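In what follows, a structure is listed as structure tokens, so that the remarks can point back to it.
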Amino acid sequence: MLYTSSPKTFSPRVITWSTLTAYWKCLPPIEYFYFYSLLFAVIMPRYELALILKAMQRPETAATLRRTVEALMERGAVVRDMENIGERLLPFVITKHNQRHRRGSYFLIDFYAAPSILTGLLDHLHRDVDVVRPTVLKNDKETSEQTCCGPKL
């Protein structure tokens, strides 16, 4: 639920999901797009899924990525972007599902999701035999733009 104050009375009122969807249905298409992106920014935080997949041929890698994105969307996430970083040597040998991995394909998936789905998603990805290492990070642009040393001038 979102809490706002009414401009006339300054008393807090609760905006529920049904109120938002009723408002959303009345918007023209271009305003609908901006409202929808604002809604994701407020209700669903932005995350980044860093995946290391085992070294496979291109069709198997595509099938694994498809399974991963479908698992995200089944849980209500909205995928923004997917980036292939490439296949590289792993920094150390990783043993997963009784296999030793020395090479892996690196991918980044940028998505919006409710925080409650992350544990189930990571559980699902840890059980996938083609995923060597899944890591979910909160993609918070405000903290990454700040300098670490001293005030801004």
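Every number here is computed from the coordinates shown, using simple stated rules; none is lab data. Note that this is a predicted model, so its numbers are computed, not measured. A quick note on method: Cβ atoms are made from the backbone with ideal geometry, for glycine too, and the neighbour counts reach across all protein chains shown.
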Give me the percent relative contact order of region 83-125, please, defined on Cα pairs under 8 angstrom at least 6 residues apart. 38
Taking 0.36 nm per intervening residue step and subtracting the Cα-Cα distance, what contour gain separates residue 98 from residue 56 on full extension? 13.5 nm
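Using the beta-carbon distance between residue 119 and residue 87 and R0 = 41 Å, what value does 1/(1 + (r/R0)^6) give for FRET efficiency, to the nearest 0.05?
Computed FRET efficiency for residue 119 and residue 87 comes out at 0.90.
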